[in-house]
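First the structure, in the form of structure tokens, and then the observations on it.
The values are calculated or read from the model by the stated rules, or taken from the named source; none is laboratory data. Keep in mind that this is a model prediction, so the values were computed, not measured. Note: ideal-geometry Cβ built from the backbone for every residue, glycine included; neighbour counts use all protein chains shown. The area values use the complete protein model at the heavy-atom level, side chains included, leaving out ligands, DNA and RNA. Shrake-Rupley method; radii C 1.70, N 1.55, O 1.52, S 1.80 Å.
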Amino acid sequence: MMKEVRALGVDVGSTTVKMVGVDAEGNLVWHFLEQADPRVEDQVERFLARARHETFEASQTSKVWNAPLVATGYGRKLVHWPEGHRPATRSVTEITCHAKGIYRELAHGGTLVDIGGQDSKVIGISPKGDVVDFTMNDKCAAGTGRFLENTAHRLRVPLEQMGQVALSASEEVAISSTCTVFAESEVISLIAHGVAVEAILRGLHRSLVKRVVAMIRTVGLVPPLMLSGGVVQNPAVPRMLEDETGERVIVPRYPQLMGAYGAALIALDLR
Ligand code: ADP
């Protein structure tokens, strides 16, 4: 398939790094994702080499490698472009990029909830796509992917299956600790007392979702509720968010790529 990438966006998250390429119309035509490497500069260079190889060189449609690149995410300021390599680069906050990506993808406003590996955010988006309010939690693992990851190994359930297992539970046990470290101790104790893994997992998901709902309340929920971030790929998270808020939730095609997509769209505007 020919991929005419005209602009690139990179989202340097605390858990994963995502790069997206868009065509002249802003369609998402290429992407790549890897676990985050502490050597951000090297990792981004590898991503760029890959983008060049898989898009420009593969299609032979462009003689010059001159696509603008915008960086976002927790590590966006750590990215330094190779001298003379980029004609136009900028770093833009995750809030702006997520809003931009989701608005282009879904074409309406509402409340966006992004749940990443180590942070979560709630963004109010106007019908025209502007950010009207937001809140962010990057200080505490509760309400982030890390909360579930921390207990996955204790329960011996692979991360990708935790949601399904939680949804299959006929019972739910309440997890009283909000703190990730204490929740882990609580889980160990519950296992020792013979409580079913399914019921524990359902309780853990409930705890994560309640924490996120508390954040939503601080911004105020204007429907529809839209989701992004890797953690919403866990099927129990959207389902329980619907339960807890009473609102239908919308998950876009590539929830984990919305920040990088928004960055690529901003880069396209820079041309
Ligand atoms: P960040 O942008 O903060 O680096 P991401 O939005 O990429 O984080 O989300 C990464 C997290 O998403 C992982 O740490 C993991 O907890 C979770 N995740 C990703 N895919 C899945 C999946 N299929 N099932 C459950 N959790 C997932």
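General observations
- Placing a pseudo-label 7 Å from each Cα along the Cα-to-Cβ vector at Ala49 and Arg156 gives an inter-label distance of 4.1 nm.
- Proximity of backbone amide H atoms, modeled 1.01 Å from N, is registered between Ser228 and Val113, Asp114, Ile115 at under 5 Å, excluding neighbours fewer than 5 places apart on the same chain.
- Estimated 222 nm signal from helices in the chain, with DSSP H stretches of n ≥ 4 weighted -39500 (n - 2.57), rounded to 500: -11500 deg cm²/dmol
- Ordering Val165, His153, Val5 by Cα displacement along the dipole of the chain toward the positive end leaves Val5 in first place; charges were set at the Cβ atoms of Lys, Arg (+1) and Asp, Glu (-1).
- For the stretch 5-15, 3J(HN,Hα) computed residue by residue from phi via the Karplus equation (6.51, -1.76, 1.60; θ = phi - 60°) reads 7, 9, 7, 10, x, 10, 10, 8, x, 6, 10 Hz, glycine and proline entered as x.
- The chain: Lys pairs at Cα distance under 18 angstrom, eight or more positions apart or on different chains: 10
- Full-extension gain in nm, Arg39 to Arg239, via 0.36 nm per residue minus C-alpha separation: 68.4 nm
- Charge dipole (debye, nearest 20) of the chain; +1 at Cβ of Lys and Arg, -1 at Cβ of Asp and Glu: 380
- By average C-beta atoms within 10 angstrom, highest first, the peptides 180-186, 255-261: 255-261, 180-186
- Check: the stretch 109-252 dipole with +1 on Lys, Arg Cβ and -1 on Asp, Glu Cβ, in debye: 80
- Order by protection proxy (mean Cβ within 10 Å, highest first), peptides 188-198, 232-242: 232-242, 188-198
- Separation between Cα centres of the stretch 201-271 and the stretch 91-136, rounded to whole Å: 9
- Here Ile200 sits with roughly 0 square angstrom of accessible surface, probe radius 1.4 Å.
- Peptides 159-168, 112-121, 130-139 ordered by packing proxy, namely the average of other Cβ atoms within 10 Å per residue, highest first: 112-121, 159-168, 130-139.
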